[in-house]
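Asks: There's a structure below that I have some questions on.
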Amino acid sequence: MNYPIWDVPFFGGGLVIAAIAILHVFVSQFAVGGGLFLPIVERKAYSENDSELLAYVKRHSKFFLLITIVWGAVTGVGIWFSIGLVNPAATSTLIHSFVWGWALEWDFFVLEIASILIYYYTWDKVDRKTHMFFGWVYFAAAWISLAIITGILSFMLTPGKWLETHKFWDGFLNPTYLPSVLVRTGVSFALAGLYAYVTLSVLPSSDFKERAVKYVSKWFLPASFLIAGAGIWYVAMIPAFPRTLTMGGAPMLTTWASLSVILSILIFVFVYFGPYKHSRSFTLPWAILLLLLGLGATTVTEFTREGARKPYVIYGYMYSNSILESQKYDLYTKGVLSTAKWVKDKQVNPAEMKAVGREIFRLECQSCHTINGYNGIKSVVAGWDSTYTDAILRNLDVLKGYMPPFMGTDAERAALVTYLTSLNPLRRTLALEFRTENALEAGRTVFDRFCFRCHTVDGYNAMRTKVAGYTYSQLDSLLQHLPELRGDMPPFPGNENERHALATWLASLNQAK
Amino acid sequence: MLDKLVIPDPDPIPLPAPFWLLKVLLLLTFFLHVVPMNFLLGGGFITAVSDFLGRKRNDQNYLSLANSMGQMLPVIVAATITLGIAPLLFIQVLYGQFFYTSSVLMAVPWISVILILIIAYYGLYYYAFRWQQLQGKRLAVIWISALLFMLISFIYTNNLVLMLTPQKWMEMYQTSKLGMHLNLSDPTVIPRWLHFLVASFAVAGLLVVIHGLIRMKSDASYGRFAVKYGAGWFIIATVAQFAVGVWFLVSLPNDVMMLFLGANGLATTLLVVGIFFALLGIVLLLLATVAQKPKVPAIFGMASIIVTIISMIIMRDIVRSAYLAKTGVNVASYPVSLPVSIFVLFVLFLVIAVGLVLVMLIRLRRGARVSQPA
């Protein structure tokens, strides 16, 4: 509303943030766990007088430096750049509410960068105790900056009392803060292990390699306890609605959430049967496979965390499309065009309905949807006519709990309907391969297309119970009178063949059980 | 005309500290950022040139200098980035309405800074760690990195000028929403960028001087070479700056330019102070190149350039304020709500962090001395 909107064709702005943020998190959490790994292994090498281990940790510290200080630090700045471009309003909120939190984090970031450089450049130049001291300073600074950033990150999903008070500590020490810190700490230990495997895997098979790989595998034990324990705590602390979204409420999110658990477990299984069991013959492809599994787990977990926040970017305060909760009712009466700063026409021009609709799409939908690409709207609305589209738009937040309501005047909604229905060539049959020879299969397809937005078969708003006792001909006739049946149901948008097919399939639900 | 300006509303959340405090922090941290940034921007170029000269003339002095600079540059990048985060934070607090908007208009070049920076940064590490092995290919690596850093500075200048001119935004946005704009139609962009770029050659020249002074103790002839060579870069760049600076000054809108030519006492004084200390710096560095003991004039020369840099930073802020005053937005009038406890924590840990860095550096020096062979 307040800021111009950057059009990112095909990918969408959200993916730009996601790509940078995930690659950052995957390295920056390694920067924390790996920061503990370095001085601990160094101490182990000294106390066991293990020169091979010492030589290894020196080499590993170079790898660590090149990965964290370049990739980690620069992508961290990259997150700032990308969120400022894609969601300036939310970025501004985070900056204004937490500027001294960010500034405090910066204190530790300065310390972190200085100490890792000093640590790396002073191998063999200072005594052992001093060198380990540099390493410990680094780890402390790195972990504290994780603990600070996590306060602000977790705030976005569970702002807690901040919503009323707007006070720093109310937002920072929010309900999911502590479990988030613990989960991320656990992940950082696991990542320390995954990255250490990479530098170990390239060594030739030897007693040392066996010993070291076995040792590194032990890092996954505390990691697994922290991740699982704090993970359960975290899920218990998030509000009921986002929790249900990840557990069946939203198919995509549920997939991410389950993948997150599955991939995490797979990592531990692969660690056990790979490096732990076959320490001596452990090779680079294995290490890379594990690293990719780790990247996969990070990706789906961050997607789940971000997705669970829908329809908000800051829960209960600002919607994903940067509209403030407090602005909502104004938009219904005054309209979105007259509120938005960066539109040419402040009112709906009836001669330009499609162009106006495109503008409204940009303002209200584009933060999550592209047109043709990621989460593309074109394929979602294929086959929808105006009446059906309008009915969906009127009930967006009810039909799709993770979507914001459409906020605007009736004329603005009509413009958006015009735009959305213009995306696909108008036709009375489904775009999907519609095969009349199998009416049951076709009926299911029609159901998935038109009814599945609100109804499931046996779950929420279950269709099976609704059609209990009805015959084919009764159902076929009811389908022609849907709005009369229920005020908020749109008329059946398909053609006759599709209606017959749907009625056939609905009637079959009665016999199936 | 003015009432047609489209500028985003200020954030509904109050400023998290008084305007003056945020301004002081912005300028202070910008100073901390600008010094290593200059070392990097000019230093990359100087390294590339001396490596080129060293190979061409087979001159060990140039090669040693390029090697030493090459070892320093990655650490300087780390300092530049780390110290750049704070001003980036404070500019968003104070001028987010302007900064976010101009960034969105040039989103693609702006976000590409991240990718360019990663490539250029790894290039420097590649150069430093593979100095011997790379041989001839080394030049290509350092040139690419040096030019990429210049490209980044150019993108920055475009954005930081664009944020000052809201009258252009709406038309740019309506022309294209893909974020592919630059700000080349603005007559101040090129001279402003050159002004910064040439300044970075001068300041990086001083880094070479510092390097030379340190090395004089162990290798007098090389140290003296580096002092002379660095001072040369400083002097030539600073002389050139008189032309580039004038170009930049006259490229400014008339009312802004006049601030520095009498209309505003502080602005005019700062300009005079900045020029005076730059001239003084030239004289002192010239002395350093001929003096038996170059250390004293060189250090005084650097001190006077620090005065110039500080006055230039304040002048830069006066330019920004003058532009923004014309938009009718007055950030100083925004409501303020300072969360005291966390602010105190920030200051406290800033002191602790800086203290710890100093402790580590002292222990490093002591350790290095101990481990040196007698």
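Asks: Considering only residues that are at the interface with chain B (Cβ under 7 Å from one of its Cβ atoms) and charged (D, E, K, R), look in the stretch A:102-126 and name the one that is farthest from B:Gly355 (Cα to Cα).
Replies: A:Lys125
Asks: Condition test on A:Ser82, is it within 21 Å of A:Gly14 (Cα to Cα), within 7 Å of chain B (Cβ to nearest Cβ) and among the polar types (S, T, N, Q)?
Replies: The answer is yes for A:Ser82.
Asks: Here's something else I'd like to know. Is it true that some residue in the stretch A:149-172 is among the acidic types (Asp, Glu), farther than 24 Å from A:Ile17 by Cβ, surrounded by fewer than 22 Cβ atoms within 10 Å (Cβ to Cβ) and at the interface with another protein chain (Cβ under 8 Å from one of its Cβ atoms)?
Replies: There is no residue in the stretch A:149-172 that is among the acidic types (Asp, Glu), farther than 24 Å from A:Ile17 by Cβ, surrounded by fewer than 22 Cβ atoms within 10 Å (Cβ to Cβ) and at the interface with another protein chain (Cβ under 8 Å from one of its Cβ atoms).
Asks: Under the condition of being within 11 Å of A:Gly408 (Cβ to Cβ) and among the small types (Gly, Ala, Ser), which residue from the stretch A:308-356 is surrounded by the fewest Cβ atoms within 10 Å (Cβ to Cβ)?
Replies: Residue satisfying both the conditions and the ranking: A:Ser338.
Asks: Can you tell me how many residues within the stretch B:163-182 are at the interface with chain A (Cβ under 10 Å from one of its Cβ atoms), touching a Leu at 6+ places or on another chain (Cβ under 7 Å) and part of a loop (DSSP other than H, G, I, E, B)?
Replies: Of the residues in that region, 1 qualify.
Asks: So, one more: For the stretch A:426-450, which residues satisfy the criterion of being at pLDDT 80 or above and out of contact with any Phe, Trp or Tyr (no Cβ under 9 Å at 6 or more places or on another chain)?
Replies: The answer is A:Asp448, and nothing else.
Asks: Now for a separate question. Taking the stated definitions as given, is B:Ser321 surrounded by 13 or more Cβ atoms within 10 Å (Cβ to Cβ), part of a helix (DSSP H, G or I) and out of contact with any Cys (no Cβ under 7 Å at 6 or more places or on another chain)?
Replies: So B:Ser321 fits the description; yes.
Asks: Can you tell me which of (1) among the hydroxyl-bearing types (Ser, Thr, Tyr); (2) at the interface with another protein chain (Cβ under 10 Å from one of its Cβ atoms); (3) surrounded by fewer than 23 Cβ atoms within 10 Å (Cβ to Cβ); (4) over 30 Å from B:Tyr173 (Cβ atoms) is the one B:Tyr62 doesn't meet?
Replies: That leaves (2) as the condition not met.
Asks: Working carefully through the options A:Val137, A:Val187, A:Val183, A:Val198, find the one that is in the same structural domain as A:Val271 (by TED's automatic domain parsing) and touching a Ser or Thr at 6+ places or on another chain (Cβ under 7 Å).
Replies: A:Val137
Asks: From B:Pro36, B:Pro87, grab the single residue that is surrounded by fewer than 20 Cβ atoms within 10 Å (Cβ to Cβ), touching a helix residue (DSSP H, G or I) at 6+ places or on another chain (Cβ under 6 Å) and not hydrophobic (A, V, I, L, M, F, W, C).
Replies: Of B:Pro36, B:Pro87, the one residue that is surrounded by fewer than 20 Cβ atoms within 10 Å (Cβ to Cβ), touching a helix residue (DSSP H, G or I) at 6+ places or on another chain (Cβ under 6 Å) and not hydrophobic (A, V, I, L, M, F, W, C) is B:Pro87.
Asks: Please tell me if A:Gly72 is more than 7 Å from chain B (Cβ to nearest Cβ), within 19 Å of B:Val113 (Cβ to Cβ) and of a type outside the set (A, V, I, L, M).
Replies: yes
Asks: Looking only at the stretch A:76-125, which residues are of a type in the set (Val, Ile, Thr) and not in a helix (DSSP H, G or I)?
Replies: A:Thr122
Asks: If a residue has to be of a type in the set (A, V, I, L, M, F, W, C) and more than 7 Å from every other protein chain (Cβ to nearest Cβ) to count, how many in the stretch A:85-101 make the cut?
Replies: Of the residues in the stretch A:85-101, 5 are of a type in the set (A, V, I, L, M, F, W, C) and more than 7 Å from every other protein chain (Cβ to nearest Cβ).
Asks: Could I ask something else about it? How many of the residues in the stretch B:65-112 are more than 7 Å from chain A (Cβ to nearest Cβ) and either under 26 Å from A:Val99 (Cα atoms) or within 15 Å of the chain's Cα centre (by Cα) (or both)?
Replies: Residues in the stretch B:65-112 being more than 7 Å from chain A (Cβ to nearest Cβ) and either under 26 Å from A:Val99 (Cα atoms) or within 15 Å of the chain's Cα centre (by Cα) (or both): 18 in total.
Asks: Does A:Ser260 satisfy being farther than 29 Å from A:Leu173 by Cβ and among the polar types (S, T, N, Q)?
Replies: No, not satisfied.
Asks: Please work out if B:Ser50 is touching a Leu at 6+ places or on another chain (Cβ under 9 Å) and within 14 Å of another protein chain (Cβ to nearest Cβ).
Replies: When the stated conditions are applied, B:Ser50 does not pass them.
Asks: Taking the condition surrounded by fewer than 19 Cβ atoms within 10 Å (Cβ to Cβ), under 28 Å from B:Ser221 (Cβ atoms) and touching a helix residue (DSSP H, G or I) at 6+ places or on another chain (Cβ under 9 Å), does B:Phe300 pass?
Replies: Yes, satisfied.
Asks: Which ones in the stretch B:218-233 are more than 12 Å from B:Ala288 (Cα to Cα), in a helix (DSSP H, G or I) and of a type in the set (Ser, Thr, Tyr)?
Replies: Correct list: B:Ser221, B:Tyr222.
Asks: Looking at A:Leu65, is it part of a helix (DSSP H, G or I), over 30 Å from B:Ile85 (Cα atoms) and either modelled with pLDDT of 95 or more or of a type in the set (Gly, Ala, Ser) (or both)?
Replies: No: the conditions fail for A:Leu65.
Asks: Let me ask something additional. Residues of the stretch A:255-289 being part of a helix (DSSP H, G or I) and over 21 Å from A:Gly231 (Cα atoms), which ones?
Replies: Within the stretch A:255-289, A:Tyr272, A:Phe273, A:Gly274, A:Pro275, A:Tyr276, A:Leu284, A:Pro285, A:Trp286, A:Ala287, A:Ile288, A:Leu289 qualify.
Asks: Determine, yes or no, whether A:Tyr272 is aromatic (Phe, Trp, Tyr), in contact (Cβ under 8 Å) with a residue 60 or more places away in the chain and in the same structural domain as A:Val213 (by TED's automatic domain parsing).
Replies: No, not satisfied.
Asks: Identify all residues within the stretch A:451-472 that are under 13 Å from A:Ala503 (Cα atoms) and among the hydrophobic types (A, V, I, L, M, F, W, C); write none if there are none.
Replies: Across the stretch A:451-472, the qualifying residues are A:Cys451, A:Met463, A:Val467, A:Ala468.
Asks: Would you confirm whether or not the stretch A:247-267 contains a residue that is of a type in the set (S, T, N, Q), surrounded by fewer than 22 Cβ atoms within 10 Å (Cβ to Cβ) and more than 19 Å from the chain's Cα centre (by Cα)?
Replies: no
The values are calculated or read from the model by the stated rules, or taken from the named source; none is laboratory data. Note that this is a predicted model, so its numbers are computed, not measured. Methodologically, a virtual Cβ is constructed for each residue, glycine included, from the backbone with ideal geometry; neighbour enumeration extends over all protein chains shown.
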